[in-house]
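For reference, the structure discussed in these notes is given below.
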Amino acid sequence: MSADYPIVREPSDYELNRSNMANYIRWLEGKGHGPFPDYHALHRWSVDDIERFWESIWEYTGVRATRGYERVLGSREMPGAEWFPGARLNFAENLLREALEGDPDRVAIIERSETRPRGQLTYGELLGEVAGLQRFLRERGVGVGDRVAGVVANTSEAVIGMLATTGLGAIWSSASPDFGVNGIEDRFGQIEPKVLVAVNGYGYNGKTFSRLEEIRELRRRIPSIEAVVIISNLAEEPIPDEPGMVSWDAAVAEGRGGEVHFEQLPFDHPIYIVYSSGTTGVPKCIVHGSGGVLLQHAKELELHGDIKRDDTFFYFTTTGWMMWNWLVSGLLTGAELVLFDGSPGYPNLDVLWQMAEDEGVTHFGTSAKFLGGCRNAGMAPGEDHDLSALRVIFSTGSPLLPEDYDYVYERVRADCLLGSISGGTDILSCFVGACPILPVRRGEIQCAMLGMDVKAFNEQGQPVVNERGELVCTQPAPSMPVKFWNDPDFKRYRAAYFETFPGVWAHGDFISFHDSGGCVIHGRSDATLNPGGVRIGTAEIYRQVETIEEIADSIVVGQPWKDDVRVVLMVVMNEGQDLTEALKRKIRSRVKEGASPRHVPAKIVAVSQVPYTRSGKKVELAVSKILRGEKVENREALANPESLDEIAAIDELFR
């Protein structure tokens, strides 16, 4: 199996000896644990003794708490595991520790935006802004357990809003401003926020979009909203002088630079409400607790991502995607965060690479789709830009094609760590991902993350290696959700993760783990194809199709047909290309040779665009519904719902 995934990069001497992971191993061994001759031995210990492991993460990453824990695990039951009972801490306080106990003059945030000039905040200035907004929130009665919602761009105000809210013990929930009113109401209407923080508009792809009327409508629809704070994201759009509305500057001014309050709360006290994609119904409201997010993100960012205090960390994301939550947790490392608000393709695909050069980015986070787009466009960022500071490239959102490993190492940076990571909104973190002390293998995710007891289960619920199966987690992890909102008996929570294999978290991904310790995700298990009764992951077809030079993008689904399931492939053509019969033969041949005869699509049609969620994920389930003649609910969850209408109008797909 390892021959199928050849090594394309070995860890450097620095990573083997001076990375945070290497330092952590030495620290553990100095405390009598181990020995750990390699990462795999360390991972085995982390799941064989999860209590000592998570206790070590608490100690090594320096969690600030006003009261210690009585034990690590009060209960192991899933769902409902009780972590660090007795502890009292505050999430925002831990993210702001550089301002509190380090150097407040260090840069915390750099802002790049299509609609605003470059800006930056030091850790001390960030703390002062948090104090200002906190005073406003407290004066409006926001306290422990209340909700503050944000329709916000990826700028400093979103970070300040989250820190001010969670500092008070309230719960933060955000959505990207490009969501429609119905999509936002579907989310925030369920959680009944007391205060709404919102932009007056946003910019994307060289255009600007006012959102003031949408915010007014949202306020009318959600009666719990008592005050609205308007961020001037578009300078030309005046802030309205209306009852209950106040500008960001006015809200923050009076308390700016004052004392910040950090409410000391239990380990599992809620800090975030995030949402499922909502492509198959009203989004689920997933509640995450402070301590679990803190420990999990500290482990992932510091150990697996090797982010250090002198680094500059960027991830392209909106505030409606969990990668925003992951990015802002970078504050706990004392590093600089780069926030980017706008299109990654405006004025061209070079904009993020230019930004990486300008800001000296050391850790560059993006999607597999973006890297594939750069490869498709023939770009050579490593030749066109000074990327000498770049040490790590993170990729997520969908499986990274083997050809994109080649692309990064040949055209971007030969000696960087290319870390394909995968997890989800459900755990606000990762199950599998990067490791600085392991080699990178072409087309393979490096490892299971520390403390995550993940396996591939076959249909009988048995673990398998070198075979495809369901991605499961057989032991609790601290960042599993505290609950779903308005789900007091955990009925929906259990149905989401624990019905397939009782007592075991089933994540919904189709995966194979290999003898190397690495893994490959083959697509969503609920979107697997079953021609002739054989389960096929959609990613296996994308790997073949999306490296064909004539094709820019694709989506593949299964369609019930004549007592079986046929594979239907829709492709977006590169400019100047047509889907000819010769190209269809080429596609089928490539899929047959690179995957198997069962993977070969029965139907291949051209479309102008592939339907995506607003966080950049292909919506195979919605397309499957279209091909079954069913109605797709909650189209607001899609970035481009018109793409479904185009597919529904293709007669060839129904004969």
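The values are calculated or read from the model by the stated rules, or taken from the named source; none is laboratory data. The model shown is predicted, which means the values in this text are computed figures rather than measured ones. Don't worry about glycine lacking a Cβ; one is built from the backbone with ideal geometry, like all the others, and counts go over all protein chains shown. To get the accessible areas, we keep the full protein, side chains included, count just its heavy atoms, and leave off ligands, DNA and RNA. Shrake-Rupley method; radii C 1.70, N 1.55, O 1.52, S 1.80 Å.
Only helices (runs of 4 or more DSSP H) wholly contained in segment 85-159 count here; list those with 3 or more residues that are crowded, with 18+ Cβ neighbours inside 10 Å and hydrophobic (A, V, I, L, M, F, W, C).
In segment 85-159, the matching helices (runs of 4 or more DSSP H) lie at 91-95, 123-139.
So if I check each of E10, E59, E29, E55, which one is touching a Phe, Trp or Tyr at 6+ places or on another chain (Cβ under 8 Å) and open to solvent by 40 Å² or more (accessible area, probe 1.4 Å)?
Result of the check over E10, E59, E29, E55: E29.
This table checks each residue for (1) within 22 Å of E546 (Cα to Cα); (2) of a type outside the set (K, R).
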residue: H385; (1), (2): no, yes
residue: S388; (1), (2): no, yes
residue: Y405; (1), (2): yes, yes
residue: R411; (1), (2): yes, no
residue: V432; (1), (2): no, yes
residue: E444; (1), (2): yes, yes
residue: C447; (1), (2): no, yes
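Hey, any hits in segment 290-304 for a residue that's part of a loop (DSSP other than H, G, I, E, B), open to solvent by less than 20 Å² (accessible area, probe 1.4 Å) and under 22 Å from S479 (Cα atoms)?
Within segment 290-304, none of the residues are part of a loop (DSSP other than H, G, I, E, B), open to solvent by less than 20 Å² (accessible area, probe 1.4 Å) and under 22 Å from S479 (Cα atoms).
Restricting to segment 511-540, what's the tally of residues that are of a type in the set (A, V, I, L, M, F, W, C), open to solvent by less than 10 Å² (accessible area, probe 1.4 Å) and at pLDDT 90 or above?
Here the count works out to 3.
Of the numbered conditions (1) free of Cβ contacts under 8 Å to residues at least 60 places away in the same chain; (2) loosely packed, with under 14 Cβ neighbours inside 10 Å, P560 fails exactly one; give the number of that condition.
Of (1) free of Cβ contacts under 8 Å to residues at least 60 places away in the same chain; (2) loosely packed, with under 14 Cβ neighbours inside 10 Å, only one is false for P560: (1).
Looking at E254, E242, E192, which is the one that is at pLDDT 95 or above, surrounded by fewer than 18 Cβ atoms within 10 Å (Cβ to Cβ) and within 26 Å of E139 (Cα to Cα)?
E192
Residues checked against (1) in contact with a helix residue (DSSP H, G or I) (Cβ under 6 Å, 6 or more places away or on another chain); (2) assigned to a helix (DSSP H, G or I); (3) surrounded by 24 or more Cβ atoms within 10 Å (Cβ to Cβ):
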residue	(1), (2), (3)
V282	yes, no, no
V287	no, no, no
D306	yes, no, yes
D310	no, no, no
F314	no, no, yes
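Scanning segment 257-280 for residues that are open to solvent by 40 Å² or more (accessible area, probe 1.4 Å) and within 26 Å of F179 (Cβ to Cβ), which turns out farthest from the chain's Cα centre (by Cα)?
T280
Please specify each residue of segment 160-199 satisfying the condition of being among the small types (G, A, S) and either under 18 Å from L294 (Cα atoms) or part of a strand (DSSP E or B) (or both). Spell out the reasoning first.
Pass one, segment 160-199, residues among the small types (G, A, S): 161, 164, 167, 169-170, 173-176, 180, 183, 189, 198.
If the condition is that a residue be among the small types (G, A, S) and either under 18 Å from L294 (Cα atoms) or part of a strand (DSSP E or B) (or both), then G161, A164, G167, G169, A170, S173, S174, A175, A198 are the ones that fit.
Which of the residues belonging to segment 59-84 are closer than 21 Å to L303 by Cα, among the charged types (D, E, K, R) and not in a loop (DSSP other than H, G, I, E, B)?
E59
If I filter segment 580-594 for residues that are open to solvent by less than 40 Å² (accessible area, probe 1.4 Å) and not in a helix (DSSP H, G or I), do I get at least one hit?
no
Pick out the one residue from E111, E125, E98, E192 that is closer than 26 Å to E636 by Cα and of a type outside the set (S, T, N, Q).
Exactly one residue qualifies, and that residue is E192.
Checking the conditions here, which among V610, V632, V605, V623 is in contact with a strand residue (DSSP E or B) (Cβ under 9 Å, 6 or more places away or on another chain) and assigned to a strand (DSSP E or B)?
Just one listed residue meets the conditions, V605.
Which of the residues belonging to segment 21-41 are part of a helix (DSSP H, G or I) and either more than 30 Å from the chain's Cα centre (by Cα) or not β-branched (V, I, T) (or both)?
Quick first cut of segment 21-41, residues part of a helix (DSSP H, G or I) only: 21-30, 39-41.
Listed by number, the residues that qualify are M21, A22, N23, Y24, R26, W27, L28, E29, G30, Y39, H40, A41.
Quick one: what pairs do we get from segment 636-655, first residue in contact (Cβ under 8 Å) with a residue 24 or more places away in the chain, second among the acidic types (D, E) and outside any helix (DSSP H, G or I), C-beta under 9 Å, 6+ apart or different chains?
Close Cβ pairs (under 9 Å, with a partner that is among the acidic types (D, E) and outside any helix (DSSP H, G or I)) amount to A639/D178.
Looking at segment 325-392, what helices (runs of 4 or more DSSP H) fall wholly within it and have at least 3 residues that are open to solvent by 10 Å² or more (accessible area, probe 1.4 Å), over 24 Å from A175 (Cβ atoms) and at pLDDT below 95? Step through it out loud before you land on a result.
On the way: elements: 351-359, 368-376, 381-384.
Counting at least 3 such residues, we get 368-376.
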